[in-house]
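Scroll down for the structure; my scribbles are underneath it.
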2 protein chains.
Amino acid sequence: MFKSRLDATSQAARACLHGEISRKGALAEPMKYATGGGKGLRGFLVMESAHLHGVPDGRSVWVAATIEAVHAYSLVHDDMPCMDDDDLRRGLPTVHKKWDEATAVLVGDALQTLAFELLTHGAIADARIPLIRSLTVAAGQLGMVHGQALDIAAETAKVPLTLDEITHLQAGKTGALICWSAEAGAVLAGADTQPMTDYATALGLAFQIWDDVLDVEGDAAAVGKAVGKDADAGKATFVSLLGLEAAKTRAEDLITNACDALSPYGERADTLREAARFVIQRDR
Amino acid sequence: MFKSRLDATSQAARACLHGEISRKGALAEPMKYATGGGKGLRGFLVMESAHLHGVPDGRSVWVAATIEAVHAYSLVHDDMPCMDDDDLRRGLPTVHKKWDEATAVLVGDALQTLAFELLTHGAIADARIPLIRSLTVAAGQLGMVHGQALDIAAETAKVPLTLDEITHLQAGKTGALICWSAEAGAVLAGADTQPMTDYATALGLAFQIWDDVLDVEGDAAAVGKAVGKDADAGKATFVSLLGLEAAKTRAEDLITNACDALSPYGERADTLREAARFVIQRDR
């Protein structure tokens, strides 16, 4: 159920996004490339949480395309040599490797701009301003960019972070956009966002713990990017701080919490529960 | 009249912008640095065009802060080594020189995000969605980023551009945000934007021609950045294509057109006319 819904939503979000990118022309090729792969988990969270609140896919797809554009922009910039310096992403050369760094800067910039444009679409109606405002919080100085700045600062200082500090960093870097995605469905419906916030907060943290597990246990070919980088760099991760088994147990506990948070929705939220379990079973 | 209004509007826009930056904390220092200098011409165009349409400064200042944030973001990224590679901006070290390239990427990204947040402010009321939407066009794939991509492509190809091509490139790179700024006042008032579009289209082109004149005739200390770069790089500019005197005459003619476009407003638009004349008298 989850896998087929993930396929359907990621195809719908990508079609929407690529349609808007093509309509404009400039930089279309690298922008489509940058948004061409990926699991589409954030877009799925938008569309499935919307569906759960009675919002049709034709409305929520604009919001799913938005968050996939923001996510892709952050990856393109984060992969640059002056940031994480990654040559491979989703099994393919990163944008600055396939084109050049100037293209990577502009593609990321244009994808962020496009994300906000998508949120002005009429189908989103009264939720437009609330979603634009909350996206600026999730993506900006208090959210994603804050987490990235902490990450860069920690790497520069060469002082390993504590567990509390890593948890705070990841809540910004990865958690903020995941929360925004899951909350978006409730916002579109004008409903209470609290159950989705609780679900996504636990899910986001488990997601990052699992990324750290994959960095240790994963196979580069399956993961689609270099593995073992964090350990090689002596960087503190959930795995280095907790140990491999305890990190896995912590992720499993978080997924149990995430599923429990969906109890107000009963069985109708089973696809979101499956998604949560997938996060700690994935190999990429 | 123009100079005192420029001072007042640039101070108001900066105070609004810096207040929002500080409230959030992360990256506040480099973000304030990146938005600390500059003439504030775009913010002035917003607030003066708003004033002309009966919109109070307390409303338009949020829009002025927005466009100054977008302008600053574009400069921070444009100055990076992989783009224009400038060490000096407004007489001070560029962000990547004073901090590092990673900080420059994140500061630019966060300033773009903040710009859209400012446009969700309640004072902007019914104009919020139209202004957000038009800003995504002016700043994105069809506007500023399009112009920058053409600029990078021309530099990479080492084929000098024709006059038509440079005019098209600059209409995107510089013109789009200047037009958006001047139109914003009419949009805030729900009025016809055509006179402001005509004014700003001519003004924007004259502005860029004058930048090319300053690159040849200007003094680096006054201009606040390196001069002679374009000529050294063998890059086609309005001056290299038209000759210095013809370029000046073309800029003067454009300013006459810009002033004429304001005739529907009569004498009430004299401050905007003064601003237009300032564009081709400035030494930086």
Selection count where residues are away from every other protein chain (no Cβ under 14 Å), open to solvent by 60 Å² or more (accessible area, probe 1.4 Å) and at positive phi, scope region B:73-107: 1
Tell me whether region A:13-32 contains one or more residues that are out of contact with any Phe, Trp or Tyr (no Cβ under 6 Å at 6 or more places or on another chain), under 14 Å from A:Ser181 (Cα atoms) and crowded, with 21+ Cβ neighbours inside 10 Å. yes
Would you pick out the residues in region B:232-265 that are within 23 Å of B:Leu161 (Cα to Cα), among the hydrophobic types (A, V, I, L, M, F, W, C) and open to solvent by less than 30 Å² (accessible area, probe 1.4 Å)? B:Ala236, B:Phe238, B:Val239, B:Ala247, B:Ala251, B:Leu254
So, in region B:75-115, exactly how many residues are free of Cβ contacts under 8 Å to residues at least 24 places away in the same chain, within 19 Å of the chain's Cα centre (by Cα) and not in a loop (DSSP other than H, G, I, E, B)? 1
So which of A:Ala127, A:Ala153 ends up being open to solvent by 10 Å² or more (accessible area, probe 1.4 Å) and part of a helix (DSSP H, G or I)? A:Ala153
State whether the residues of region A:179-193 include one that is surrounded by fewer than 23 Cβ atoms within 10 Å (Cβ to Cβ) and at pLDDT below 95. no
Scan region B:130-144 residue by residue and report those that are within 7 Å of another protein chain (Cβ to nearest Cβ) and assigned to a helix (DSSP H, G or I). B:Ile132, B:Arg133, B:Thr136, B:Ala139
Please go through (1) over 15 Å from the mean Cα position of the chain (by Cα); (2) touching a residue at least 40 places away in the same chain (Cβ under 8 Å); (3) more than 10 Å from chain B (Cβ to nearest Cβ) for A:Leu177 and return the number of the only condition it doesn't satisfy. (1)
Subset tally (residues that are crowded, with 21+ Cβ neighbours inside 10 Å and closer than 28 Å to B:Tyr199 by Cα) for region B:33-51: 12
For region A:109-124, give me each residue that is more than 7 Å from chain B (Cβ to nearest Cβ) and either small (Gly, Ala, Ser) or more than 23 Å from B:Leu119 (Cβ to Cβ) (or both). A:Ala115, A:Gly122, A:Ala123
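Kindly establish whether A:Ala200 is buried (at least 24 other Cβ atoms within 10 Å of the Cβ), small (Gly, Ala, Ser) and in a helix (DSSP H, G or I). It would help to see each step written out before you state the result.
Numbers: buried (at least 24 other Cβ atoms within 10 Å of the Cβ): yes; small (Gly, Ala, Ser): yes; in a helix (DSSP H, G or I): yes.
Judged against the criteria, A:Ala200 is a match.
A quick yes/no check of all residues on (1) under 16 Å from B:Leu135 (Cβ atoms); (2) of a type in the set (A, V, I, L, M, F, W, C):
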| site | (1), (2) |
| --- | --- |
| B:Gln11 | no, no |
| B:Gly19 | no, no |
| B:Lys39 | no, no |
| B:Trp62 | yes, yes |
| B:Val70 | yes, yes |
| B:Met80 | no, yes |
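The values are calculated or read from the model by the stated rules, or taken from the named source; none is laboratory data. Please read these numbers as outputs of a predicted model, since none were measured by experiment. As a convention, Cβ positions derive from the backbone with ideal geometry for all residues, glycine included, and neighbour counts pool all protein chains shown. To get the accessible areas, we keep the full protein, side chains included, count just its heavy atoms, and leave off ligands, DNA and RNA. Shrake-Rupley method; radii C 1.70, N 1.55, O 1.52, S 1.80 Å.
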